Every structure is written in C-alpha cells, then in structure tokens.
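The structure appears right after this line, and notes come after that.
The numbers here are math on the coordinates, done by the rules we state, and not lab data. Remember, it's a predicted structure, so these values are computed and weren't measured experimentally. With ideal geometry, Cβ positions are generated from the backbone for all residues, glycine too; neighbour counts draw on all protein chains shown.
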Ligand code: ADP
Ligand code: MG
C-alpha cells in the first residue's frame, strides 16, 4: 500500500521499528513534524525515530491532505471494523460439523438453522406414554451460524463489531459456552484435527484460515489503532490465566498458582501478580497464546481425551492516552474459553480428582447462570421503575435493585466489570448438530436463551 503527498508524489509508508526490547514501535502514516497540513511524509530521519516504551503504539496524526485521504481509502480495509453492536449483550450459536465419532455412532443431524439465520430447531427423542416421541425445541438468538461457517465469517459477523467500542474505552467480554467437544477452543483459538495438542492449537492460532477469534480480534484491533485519527497513544497488554477448581493460575508463569482477584484504582479488577505481556502485533499475541495453551491443564474424560476442565481467560488491556489533555482510559477485554458445560455422569467420574473438578466447574458455571438471571431481573426492575416514575403509582415503595452475585465464583468475580451492566458482552453457544448430543445442545441453548434477555447499557470507562 502506498500513499502520496499534496503534490501527488507517491511516498513510501513509514515502516514499524523494532525497539531495543524487541517490541514493534509504530510511526503514524500521517505523522508530520510541526503538524503542518500536507507536508511530505518522507522516511523519518533518526531524530523522529525515537524509541518509545515497548508496545506503545503511538499515532499522532496531522490532518492529511485530501490527496492522502484518497490514497489511504481502501474500502475493504476500512469496512473491516463494523460499528458497535446495537445490543449490549449478544448471543450467537455456532454449530460445528459432525465429528468422525458421531458419524460412526450412527444417529442423525438433530439441529437445523432456519432461513432467518436467527432461529434454530433441535429435535430430541423424549419419553412418551407408549413410545418415545420426537419433540422439536425452538430457540431464537441474535444469529445462528451453520456448520459451514468459516472462522473469518464467524469473527466478521460477531466479535469484529467490538473493536470500535474497545478503542473508544468500553470494556467487553466474549464467552464461549458449550459441552466438551462442541468447538469452544476451535472458535476462540482455532484448532486442527481431533488429536489436537497444545502445539497444534498454537499452530492453528497462527494459520490465517483456521485461526480463531482471539488472534483475529487482536489483529483487527491493531489495524484500527494504526488508522486512528486523533492525538492519542495506545498500549496493549495481555495476560492469560485459568480458573481450575476455583483457583486462579497464571498460564504464562505456571508456578504462580492461587492468585487473588482484587480491585485496583484506575485498572478495575485485576489478578494480582499475573504476568502481563506488552504486545505490539498479532504475532506477539500468538506467542502468548502458544505459551498459555501449552500450560493449560488438560484432563482426560471419557467424552474427549483432551477435554479441558478449566476456564481459560485471555485478558486484553488497552490503555488509551489522549495527548491533548493527558487523560487516559483503560478498556479491559475478557476472552473466555469456558470449561465443558456437561454434567458428568457417575460412570464418567472415575476418581476423586475428577469428582472435585466436575462439581467446582459446575459451581462456576452455575454462578455465571445466576449472574445472567440477576442481570435480566435488573433490567426488568429498571423498566418497571421507569413506568413508576411516569407517575401511576406514586405511593408504593420501589423494590430494591436485584443484587448481582458476581462474588459467588472466581469466574464471575473476574468478569464483574466486563460482563453485563456497563459493558458489551458476547456469548457464543458452541453446539454439536448430532442427535447423540441433542440433550446437551438444548441445555446450551437454554443457557443462551437466558443470556439473550440481558439488555446492557454500555458506557465508556471514565
Ligand atoms: P471444545 O473446546 O468445546 O471442547 P474443540 O474446540 O476442541 O471443542 O472442538 C472439538 C473438535 O471439533 C476439534 O477437533 C475441533 O478441531 C473440531 N471443530 C470444532 N469446531 C469446528 C468447526 N467449526 N469446524 C471444523 N472443526 C471444528
Ligand atoms: Mg476446549
């Protein structure tokens, strides 16, 4: 891609510089010594190529000439970042293709996406008076994606719209929910094949076709930051933790176990002592994913040899500093690959360790379900309060605002500022399409149905 100056001369773009620490440091495409309109953007002299702290993406644009705008306008790239989602909380369904095991087991496809792309029907055999009967369960979500949806299309139609609000200072969370083997890790990170290992997952995160939502979101975020049209400086940091048996573990420095969650001034909720890595591009974030995935606890269950019984939480922190008034905003983004939502049957629970795993994981997911219910009740409360204020029943006491039990589990405590209320939240329901998993698919969709009733009013962080 090339640009041109006011006289129409084609100019080379400023290349990213590698700082002493190895992190990339960017000069704005529009940078201009005295901020003069339309001055030539020649390769920067050494006095301009000062090194800033690692991971600081500094964009100090002068207003470009008309000609520069024209040269920079690339519809396909500009349109990459869709506007913020209309709803504060969005719930999407993603069906994965049938697995080899499912095909071998026989049975049939039980889930079907309806032409509206918002409705999904799932058929399940249920006991009847005389013989089992086929019952159809119907759900409506914000969008349902069929088994042929590519990673690119899925991301483009879901989390891509969070990038703009994140840059503007909103917090957000994306949660992948579903039974083990339903495609949560594939969706969030990207993965090849059934015999996936941590190394395969990291490879898939790198693969431009199969890479999942986390690397794509980071890639889009950096693209947006580079185009940012104001006097602002950004820094991006990430950490990767897991919640396992209600203990928070650092996935980047595994010796750090049982970390504490606390509220920090200016930063919101943080995991104390969790390793925070500054990143300056997608490749650096993939390095972090690779390291964290390799350390993620994998436990064997009879359902899926490598199913994970932990919640993996990738935390992205964006700090935006406005250079005109030195104010700053911090957006936190929680990208969560939740543990399998299935209930383990007694035969599957082979050891005490497994028993403890299954109960605490369900407790965490139960807490998440309770938080979702409380958020919808809050919404209902606010609506009825508004109608009170309009004056029909002036003498009745308004009921207390329902309490949201964020503190009931480590997972919900961590998500306190980024899930519900003033943030954007996205729930991805990962489902198998197969009749053998219809019960779990319906349970997943019921969970999503509750989340779909949340109506947040996102506000940018002060
Ligand atoms: P989970 O994390 O929910 O336990 P995985 O993401 O590990 O499930 O997915 C299980 C298997 O299904 C993996 O082999 C994965 O590569 C495959 N898979 C999941 N979703 C898709 C998809 N949309 N397209 C192709 N393969 C998928
Ligand atoms: Mg997984």
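Here are the numbers for this structure:
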| item | result |
| --- | --- |
| Anisotropy class of segment 232-278 from Cα gyration tensor, a/c 1.5 cut | oblate |
| Highest-first arrangement of 242-254, 423-435, where packing means the average Cβ count within 10 Å | 423-435, 242-254 |
| Order of 444, 293, 81 - criterion: other Cβ atoms within 10 Å of each residue's Cβ, fewest first | 81, 444, 293 |
| Sites residue 436 and residue 87 - FRET efficiency at Förster radius 41 Å, r taken between beta-carbons, to 0.05 | 0.80 |
| Segment 108-160 shape via C-alpha gyration tensor axes, a/c threshold 1.5 | prolate |
| Exposure proxy ranking, count of Cβ atoms within 10 Å, fewest first, for 188, 401 | 401, 188 |
| Distance between modelled label sites at residue 246 and residue 136, nm, 7 Å Cα→Cβ extension | 4.4 nm |
| Volume per residue that the Cα convex hull of segment 251-297 spans, once the total is divided by residue count, Å³ | 84 Å³ |
| Approximate spin-label separation residue 422-residue 109, in nm, with each point projected 7 Å along Cα-to-Cβ | 4.5 nm |
| 189, 454, 261 arranged by Cβ crowding within 10 Å, fewest neighbours leading | 261, 454, 189 |
| Label-to-label distance, nm, for residues given as residue 382 and residue 408 (7 Å Cα→Cβ offset) | 2.1 nm |
| Cα gyration tensor category, rounded, prolate or oblate, for segment 406-449 with a/c compared to 1.5 | prolate |
